[in-house]
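Notes to accompany the following structure.
The values are calculated or read from the model by the stated rules, or taken from the named source; none is laboratory data. As the structure is a computational prediction, the values presented were derived from the model and not from experiment. Positions of Cβ are backbone-derived with ideal geometry, glycine not excepted, and every protein chain shown enters the neighbour counts.
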Amino acid sequence: MRDRLLGRPVRDHDWVVVGATPQQMLDAGYRPVGRDFPVFLHPQTQEEYALARTERKTAPGYHGFSFHADPTVTLEQDLARRDLTINAMAEDAQGRVVDPFGGQRDLQDRVLRHVGEAFAEDPVRILRLARFAARLPDFQVAPETMALCRQMVAAGEVDALVAERVWQELAGGLMEPAPSRMLQVLRDCGALARLLPEVDRLWGVPQPEQHHPEVDTGAHLLLVLDTSARLSAPLPVRYACLCHDLGKGTTPGDLLPRHHGHEARSVALLYEMSDRLRVPSDCRELADVVAREHGNVHRSGELNAAALMRLLERCDALRRPDRFEQMLLACECDARGRAGRFDAPYPQRERLRRALAAARSVDSASITAAAAARGLQGPAIGAALSTARRDAIAQALGN
């Protein structure tokens with residue numbers, strides 16, 4: 001309903017069934033899938049059909065609810081439990097719009113507004129609000145909704161969120177068109193400091209202006225994330241962008257604004273955060289190599305063949321070329337995510353691709369056989385391979 005009114009592609013339908021019992025759904029051939037409340041799959045289309053229901057808060061956190069579904073629950077009562085007014089609309093089989101909370105008006109005014117005070121009972125709704133802000137970046141959060149979110153944070157509601165749900169919504173928000181808006185909304189209501197303190201600490205931290213015209217590290221992060229969306233980066237790249245500078249929030253004050261040693265601090269912090277949120281291994285592993293090496297990638301145009309070979313080895317690029325390609329994309333997002341540099345060229349990416357291609361073109365079997373014939377063993381054979389690859393890089397790059 002919401003996406004159709006916005007002129008956006010409709011990916012799925014959210015069906016609500018009024019006036020029916022679970023047994024009637026089963027008798028009609030629907031298959032039950034809901035664990036906490038009655039949801040059924042259509043026997044032909046496999047779309048989800050949920051019985052109209054109400055809910056009641058019974059304990060803190062996301063799981064602290066009891067649900068009530070029976071034939072007396074009206075569509076308006078079901079819509080009243082939704083999070084935002086733009087999500088609390090329905091359309092019946094005759095095409096008539098049911099909009100008891102002004103969702104169409106808020107769509108026209110580009111406003112994200114909570115339906116009612118029940119919003120405060122579910123802390124996941126703060127994350128969903130932030131995700132919708134990232135999906136609809138020209139929408140503004142209603143002042144009363146932001147005030148309610150701040151009250152929820154102050155009451156400790158977000159502290160009860162389970163890690164899996166936080167990651168689910170965070171990952172979804174990172175994949176939206178403007179992931180910066182998700183962080184801005186979470187930060188404005190105070191939830192970012194509770195959920196991602198490593199990220200929240202970046203605001204107010206300066207950087208050298210000659211490299212970062214935007215100066216503030218938090219402002220830079222927002223630009224990098226939106227650049228990753230503009231370049232259609234996959235989730236591991238966007239997560240690596242989120243984590244690449246975490247250490248700058250902890251570098252000693254006497255070293256600011258140069259942030260010496262922030263790379264190692266970033267790695268330690270991103271693993272703490274990833275463990276806490278149970279982030280998938282492909283995301284955390286890419287974030288690790290980007291945090292460690294993005295500065296060296298930026299400077300790679302100055303490196304000779306030997307130094308480039310060492311960089312490739314540290315990144316495990318020969319064994320994992322696909323991950324190396326993702327790392328280069330994350331580094332490009334970092335370089336272009338700076339004020340006035342959104343469309344700047346990033347020749348380091350192509351140069352390192354050529355270096356890797358040259359290194360991988362070396363016939364390792366023949367090099368190994370020749371080294372063994374000379375009586376070399378173990379590390380000595382590895383050194384011979386590295387030398388051959390270094391020479392191939394030098395020839396390919398002309399240095």
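Working carefully through the options Arg338, Arg323, find the one that is in contact with a Leu (Cβ under 9 Å, 6 or more places away or on another chain), part of a helix (DSSP H, G or I) and closer than 23 Å to Val289 by Cα.
On inspection, the qualifying residue turns out to be Arg323.
Mind checking which residues of the range 15-50 are without any contact (Cβ under 8 Å) to a residue 24 or more places away in the chain, touching a helix residue (DSSP H, G or I) at 6+ places or on another chain (Cβ under 8 Å) and either surrounded by 13 or more Cβ atoms within 10 Å (Cβ to Cβ) or of a type in the set (D, E, K, R) (or both)?
Within the range 15-50, Phe40 is the sole residue that qualifies.
If Ala219 passes every condition in (1) modelled with pLDDT of 95 or more; (2) part of a helix (DSSP H, G or I) but one, which one does it miss?
(1)
Consider Cys331 against the criteria (1) assigned to a helix (DSSP H, G or I); (2) over 30 Å from Pro179 (Cα atoms): it satisfies all of them except one. Which criterion is unmet?
Against the list (1) assigned to a helix (DSSP H, G or I); (2) over 30 Å from Pro179 (Cα atoms), Cys331 comes up short only on (2).
Going through Ala394, Ala384, Ala317 one at a time, which residue ends up being modelled with pLDDT of 95 or more, in a helix (DSSP H, G or I) and buried (at least 16 other Cβ atoms within 10 Å of the Cβ)?
Ala394 is the lone residue from the list that is modelled with pLDDT of 95 or more, in a helix (DSSP H, G or I) and buried (at least 16 other Cβ atoms within 10 Å of the Cβ).
Being modelled with pLDDT of 95 or more and crowded, with 16+ Cβ neighbours inside 10 Å is the filter; apply it to the range 337-350 and report the residue that is farthest from Gln395 (Cα to Cα).
The selected residue is Tyr346.
Is there a residue being touching a residue at least 12 places away in the same chain (Cβ under 8 Å) and more than 27 Å from Arg105 (Cβ to Cβ) anywhere in the range 142-151?
Looking through the range 142-151, none of the residues is touching a residue at least 12 places away in the same chain (Cβ under 8 Å) and more than 27 Å from Arg105 (Cβ to Cβ).
Going by the conditions given, is Gly102 in contact (Cβ under 8 Å) with a residue 12 or more places away in the chain, within 26 Å of Gly190 (Cα to Cα), surrounded by fewer than 20 Cβ atoms within 10 Å (Cβ to Cβ) and over 26 Å from the mean Cα position of the chain (by Cα)?
Against the criterion (in contact (Cβ under 8 Å) with a residue 12 or more places away in the chain, within 26 Å of Gly190 (Cα to Cα), surrounded by fewer than 20 Cβ atoms within 10 Å (Cβ to Cβ) and over 26 Å from the mean Cα position of the chain (by Cα)), Gly102 does not qualify.
So if I check each of Val289, Val297, Val279, Val362, which one is modelled with pLDDT under 95 and either surrounded by 18 or more Cβ atoms within 10 Å (Cβ to Cβ) or in contact with a strand residue (DSSP E or B) (Cβ under 8 Å, 6 or more places away or on another chain) (or both)?
One residue alone meets the criteria, Val362.
What are the pairs, 6+ residues apart or on separate chains, where a residue within the range 296-325 that is touching a residue at least 24 places away in the same chain (Cβ under 8 Å) and more than 14 Å from Leu286 (Cα to Cα) has its Cβ under 8 Å from a residue that is of a type in the set (S, T, N, Q) and surrounded by fewer than 14 Cβ atoms within 10 Å (Cβ to Cβ)?
These pairs meet every condition: Asn304/Asn399; Ala305/Asn399.
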